[in-house]
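The values are calculated or read from the model by the stated rules, or taken from the named source; none is laboratory data. Please read these numbers as outputs of a predicted model, since none were measured by experiment. Because the Cβ atoms are built from the backbone with ideal geometry, glycine has one as well, and the counts that use them run over all protein chains shown. With ligands, DNA and RNA removed, areas are computed over all heavy atoms of the protein, side chains included. Shrake-Rupley method; radii C 1.70, N 1.55, O 1.52, S 1.80 Å.
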Amino acid sequence: MELTYRPRRLRRTPALRSMVREHSLSAADFIYPLFVHEGDDVQPIGAMPGASRWSLAALTGEVQRAFDLGVRCIVLFPKVSESLKTEDGAECFNPEGLIPRAIRQIKQLVPEMAIMTDVALDPYNCDGHDGIVSEDGVVMNDETIALLCRQAVVQAEAGADLIGPSDMMDGRVGAIREALDDAGFEHVGIISYTAKYSSAYYGPFREALDSAPREAGKKPIPKNKDTYQMDPANAREAITEAQLDEQEGADIMMVKPGLAYLDIIHRLREESELPIAAYNVSGEYSMVKAAAERGWIDEKSVVLETLLSFKRAGADLILTYHACDAAAWLKGG
Ligand code: PBG
């Protein structure tokens, strides 16, 4: 055949392929989510093989391991004791709570690791919602924001580098920015869960923290988070959320989940000059783990291909439970 264009010419050898490769992964792209609990043991999480609830004592070892592999940021999630959960989730701004203690300890022992936090009430709230539920069963916006601001300031005081509001209340990025600035934390950044969808992919995470929405007492409790997390059918709405977050002072914007929402990552990349993060959430992680355990897919190849897809879509950063494995694989391990 007389073909002028033969794209296979540049695929012929590893050297040629490496020259024209458009995207790459690096351990510094990863943000590693870690679960912490009050107990002294390290508890494997059933629905997330390979992930654990760490004791405070064991947590720093895992953070150091991640740092040694080249990971430069972690995000902490607390499994709060049932006895500390209340209707208003007030434990979230206890300066002696699990998260502030974990932050202080990590900053002492692995000071160069950046720490991101999650701001929302669901791990602290007896009904599992990200905000306060009114007597008639409505997740209240403005009342919730007052608590989120206190939570953010307590996390900043403990030494957090990046505050991550995951609650999806309207106006929370601006309010948290103001609260941080007023408290003297103008240097602490906000990584906003900008386009967070109401997704079934969070199932294993809610099992890890025992934080799924549930009845608690007499109030009617919404069974899902559809009145604040975004409808999976919507794409344009993500642009609106992004515009608001930028105006309100977000430093980094996140899309969550990642894999089923690559189009949203791409759209935000085109709309904004801010760094974009993708959250490769618990359900995405567990699906890969389950198939790999059965020998149906090759875990390493599938994980690296998946993580690369976030970069290709336009993400700069990837929150992923695979962070340490992937970092080790990239090192040739
Ligand atoms: C809490 C929060 C959730 C996740 C991160 N922060 C769960 C939820 O919104 O119900 C999910 C993360 C994952 O599934 O990996 N607001």
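Worth pointing out:
- Per residue accessible area of the chain, 1.4 Å probe, in Å²: 45
- Using the Cβ-Cβ distance between Lys219 and Asp40 with R0 set to 51 Å, the FRET efficiency from 1/(1 + (r/R0)^6) comes to roughly 0.90.
- Of the residues Ala160, Ala235, Ala175, the one whose Cα sits farthest toward the positive end of the charge dipole of the chain, with +1 on the Cβ of Lys and Arg and -1 on the Cβ of Asp and Glu, is Ala235.
- For the chain, built as a Gaussian network whose Cα springs stay under 10 Å, the top-fluctuating residue of Gly174, Gly46, Gly249: Gly46
- For the chain, built as a Gaussian network whose Cα springs stay under 10 Å, the top-fluctuating residue of Lys218, Lys196, Lys79: Lys218
- Taking amide H positions as modeled 1.01 Å from N, with prolines and chain starts lacking one, the residues under 5 Å from Val36 and 5 or more places away or on another chain are Trp54, Phe77, Lys79.
- Between Thr86 and Ser18, the simple spin-label model (points 7 angstrom out along Cα→Cβ) gives 5.9 nm.
- In a DSSP loop and with at most 12 other Cβ atoms within 10 Å, the chymotrypsin sites (Phe, Trp or Tyr not before Pro) in the stretch 1-97 are Tyr5.
- Spin-label proximity, Asp210 to the stretch 68-93 - amide N less than 12 Å from point 7 Å beyond Cα toward beta carbon: 79-85
- When the chain is treated as a GNM with alpha-carbon contacts under 10 Å, the residue of Gly184, Gly217, Gly50 showing the greatest mean-square fluctuation is Gly217.
- Here the Debye sum runs over all C-alpha atoms of the chain as equal scatterers in vacuum, and log10 of I(q)/I(0) at q = 0.06, 0.10, 0.13 Å⁻¹ comes out as -0.21, -0.57, -0.97.
- Inter-label distance, nm, simple model (7 Å from Cα along the C-beta direction), Asp226/Ser26: 4.4
- What the Cβ-Cβ distance of Gln64 and His187 gives, at R0 = 25 Å and to the nearest 0.05, is a FRET efficiency of 0.55.
- Estimated from helical segments only, the mean residue ellipticity of the chain at 222 nm is -11500 deg cm²/dmol, where each DSSP H run of four or more residues counts as -39500 (n - 2.57).
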